[in-house]
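To start, the structure under review is shown below, and the notes come after it.
Rule-based calculations on the coordinates, nothing more; no lab input. Note that the coordinates shown come from a computational prediction; the quantities given were computed from them, not determined experimentally. Quick reminder, even Gly has a Cβ in these numbers, built from the backbone with ideal geometry, and neighbours come from all protein chains shown.
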Amino acid sequence: MSYSGPNREPGSPPSGIGIPIDVRPHAYDPGGNPELFEGVLARRVVAFVIDLIIIATPLIAAAMFIFVFGLITFGLGWALFWLLSPGSVIWALFYYGVTLGSPASATLGMRAMEIEMRTWYGAPAYFVLGAVHAIVYWISVSVLSPLILVVGFFNGRRRLLHDMVVGAVVINNATRAAALRARAPARI
């Protein structure tokens, strides 16, 4: 049976490929809901700094422990310093995955700044999306320079390059959006 042609039934796969295509529209419209995107870029910067401090604190504590342990063991303990690099990567991926995969869909810094991450079609973020988002961010910034972050100034949803790659959008959370909506002048 061929799926192509004028006799194709509604909802059947197109062109006989055997796979139904479910294309979802963007859930967040900057024209219809500007309060979702107001101030998001500046808040993301502050949230990133907060998250960086949260991620760095246990790593600094671990480095200090290894240093003191090395002194006690006459230098043998300093061999553990090689664990800091892979440990920092694992800790950062775990942090981003768990916090973005939580019901709030936000890291602790993002919660403090009242923003959250969603998929482009409106679903909450999940563990793998949070971890992959962090990986794509660090790779893109490392390879292409921080100037790739300028992309956010040139699109209505204020998405950065790594957001577009992984299919995410960062918006104001419901509380902040409601406050901005109430404060905004009435639209005609």
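Listing for the model above:
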item	result
Helices (runs of 4 or more DSSP H) completely within the stretch 89-188 that count 3 or more residues being under 24 Å from residue 35 (Cβ atoms) and among the charged types (D, E, K, R)	174-183
Subset tally (residues that are small (Gly, Ala, Ser), surrounded by fewer than 20 Cβ atoms within 10 Å (Cβ to Cβ) and within 13 Å of residue 125 (Cβ to Cβ)) for the stretch 158-176	1
Of all residues making up the stretch 135-157, the number that are surrounded by fewer than 11 Cβ atoms within 10 Å (Cβ to Cβ) and either touching a residue at least 12 places away in the same chain (Cβ under 8 Å) or of a type in the set (Lys, Arg) (or both)	1
Counted residues, the stretch 117-132 - those being at negative phi, surrounded by fewer than 22 Cβ atoms within 10 Å (Cβ to Cβ) and not β-branched (Val, Ile, Thr)	8
Near pairs, Cβ below 7 angstrom, 6+ apart or cross-chain, from the stretch 113-134 (more than 19 Å from residue 48 (Cα to Cα)) to any residue that is polar (S, T, N, Q)	124/105
